[in-house]
1. Only one of these conditions is not met by A:ASN71: (1) modelled with pLDDT of 95 or more; (2) among the polar types (S, T, N, Q); (3) out of contact with any helix residue (DSSP H, G or I) (no Cβ under 9 Å at 6 or more places or on another chain). Which number is it?
2. Does A:VAL23 meet the test of being touching a Lys or Arg at 6+ places or on another chain (Cβ under 8 Å), touching a residue at least 12 places away in the same chain (Cβ under 8 Å) and not in a loop (DSSP other than H, G, I, E, B)?
3. For the condition assigned to a loop (DSSP other than H, G, I, E, B), more than 21 Å from the chain's Cα centre (by Cα) and at pLDDT 95 or above, what is the one hit in B:PRO470, B:PRO450, B:PRO407?
4. So, A:ASP31, is that one in a loop (DSSP other than H, G, I, E, B), modelled with pLDDT of 95 or more, closer than 28 Å to B:ALA375 by Cβ and more than 8 Å from chain B (Cβ to nearest Cβ) or not?
5. Considering only region B:216-237, state which residues are under 22 Å from the mean Cα position of the chain (by Cα) and in a loop (DSSP other than H, G, I, E, B).
6. For A:ASP38, work out the one condition from (1) closer than 20 Å to B:ASN303 by Cβ; (2) assigned to a loop (DSSP other than H, G, I, E, B); (3) more than 8 Å from chain B (Cβ to nearest Cβ); (4) not polar (S, T, N, Q) it doesn't fulfil.
7. Check whether at least one residue in region B:142-150 is assigned to a loop (DSSP other than H, G, I, E, B), in contact with a Gly (Cβ under 9 Å, 6 or more places away or on another chain) and under 19 Å from B:PHE84 (Cβ atoms), and report yes or no.
8. Within region B:376-404, can you find the residues that are of a type in the set (A, V, I, L, M), more than 24 Å from the chain's Cα centre (by Cα) and within 24 Å of B:HIS131 (Cα to Cα)?
Amino acid sequence: MLTREEVLKLGKLSRIALSEAEVEKFQKNLDTILGYVDELKKVDTEGLKEVNQVTGLINVQRPDEAVAAENREEILAQAPETKDGYFKVKAIL
Amino acid sequence: MADLFEFIELTELRKLLDTKKVSSTELTKFFLQRIKDLDKDYNAYVTVTEQEALKDAKAADDYIASPGENPFLCGIPYASKDLFCTKGIRTTASSKILDNYLPPHDATVTKKLKEHKSVLLGKTNLDEFAHGSSTETSAYGPSKNPWDNSRIPGGSSGGSTAAVAAGLAPWATATETGGSIRQPASLCGLSGWKPTYGRVSRYGIIAMGSSLDSPGAVANSVEDLAHLAEIMSGQDVKDSTTGPVPVPAYSKQLSADMRGVKIGVPKEYFVEGMEDGVKQRVMEAIEEYRKMGARIQEVSLPNTKYGSLVYAIVCPSEVASNLMRYDGIRYGHSTKEGGSLLETYEKSRAEGFGDEAKRRILTGTYVLSAGYYDAYYKKAQKVRSLIINEFQEVFKRVDILACPSSPNVAIKLGGAKDNPLFGYIADQLNIPGSLAGLPALSIPCGFARPSDGDTPSMDGLPVGLQIIGPQWGEQQVFNAGYAYQQATDWHKKHPTV
């Protein structure tokens, strides 16, 4: 089973504050899930390449043309805080 | 007039609208009234868009009154899974983190449906971010199965299937990542189409597993789905995974002639623990195809059993990555508690995400992290190639595959809730096809008694037949579904609501 510290570290990496009760629950849940997928280790995949997509498409591109965004107001209206037409972020320095 | 429209097929609605036997406004009011009267029993909708619907219906009526042909969906109401962005209309993904989100744009599918002058009735419930197979992970409570509202409708598109099965919409959009259309369509007794990956644009649909996400539809017949597929499909500059493959006129090319069609029956899809009634109904459906002149042969797909295991790694990995965008800065829930930038992220996400979303994010973060990536993610993607190769081999010998959509009929609400593996196990018969990006249908093929206690439904509960086709093989899949629905009337059975 993952240790308490390991689960807390996953919380840090994924930017989710976890409560004590959650740490305990996810320790158990992740153990169940990792146990479930363990059987994959036995599958012979010698010489196989991993698949990252199924379409077979390569470098699909569209013309690089600037288009006006006409929904600036709507986009900004979704943010909790804006200033002078920008998203407002907490000070990081 | 009442009772006439709730289970009507789209092809029929088109005729009624074109011949002015009914107006879009009348139809829209009819469905809005049913939602008001009945949705408290099913919780199919998260948001009902009454005002917008009546306005759109009026516009459609004006269009119909003007000379010229009407687009197929003109004036026809529909419901949209609350994962499709609808400009200016609340889109939640059934998550508290998007509780008040008003998208500044339409999904490509939403846009196409608007261009057809469809009428949006509302947004349907789903498992939070589509993570689940019962709608029980929704932040807005589970939807209920219209055949027996003590049971799950399936998921994640369970709000869409509950809405259509209860006659609260004539069709609905849905999405699949691994079974989220086929399984709920099966459990609610509907026809559901999971497209070839890349057939329908993902743009503007809240992302779950980007290498798997396939937007599709649920309706009352395969013929309706063929029409919808024509409208929803096609290459989109805003989604570089949509293929340049032309979109055939699926509905015009529908053929019920099954003579000589080679149907493979994969023996691994009749899994241990499958309900007997489900197996019997599916075998009877396959027998029906034999009577129609199809050539049935048993085939073997030995890596089927690894599908859900691969998915249990690949899906959370992609989820963890896709859900990083919810940061409490640009849109979505932002914590009211002050603090540093890091604390804002951590608290906004802790408050906004439900249990299953957190579980998948943590799982994905674990299997992608340094030291574990090769053992989990890379290994899973190698096994995925085994599954793809196996399908490619089998489609050299058969035209389509026929098998069950789900190992069981709808289970009781609550049965899924505390099992972190439920979604992976419930969808084990759908996931291998999803990993390979294949098109598929689930169509109703009869009823069976549940194995977990009785049901008040006199008929028992719906069983779904799954048809899987080769990549881009939508037409073969639709033809097989259409042929079955010409020969049987299971798709015309509806619950008493």
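The values are calculated or read from the model by the stated rules, or taken from the named source; none is laboratory data. For clarity, every value in this text was computed on a predicted model and none was experimentally measured. As a convention, Cβ positions derive from the backbone with ideal geometry for all residues, glycine included, and neighbour counts pool all protein chains shown.
1. All conditions pass for A:ASN71, except number (1).
2. Yes; evaluated as a whole, the condition is true for this residue.
3. Going through B:PRO470, B:PRO450, B:PRO407 in turn, the sole match is B:PRO450.
4. Considered against the rule, which asks whether it is in a loop (DSSP other than H, G, I, E, B), modelled with pLDDT of 95 or more, closer than 28 Å to B:ALA375 by Cβ and more than 8 Å from chain B (Cβ to nearest Cβ), A:ASP31 comes out as no.
5. B:ASN220, B:SER221, B:GLY234, B:GLN235
6. Of everything listed in (1) closer than 20 Å to B:ASN303 by Cβ; (2) assigned to a loop (DSSP other than H, G, I, E, B); (3) more than 8 Å from chain B (Cβ to nearest Cβ); (4) not polar (S, T, N, Q), A:ASP38 misses just condition (2).
7. yes
8. Once the filter is applied, which keeps residues that are of a type in the set (A, V, I, L, M), more than 24 Å from the chain's Cα centre (by Cα) and within 24 Å of B:HIS131 (Cα to Cα), region B:376-404 yields B:ALA380, B:VAL383.
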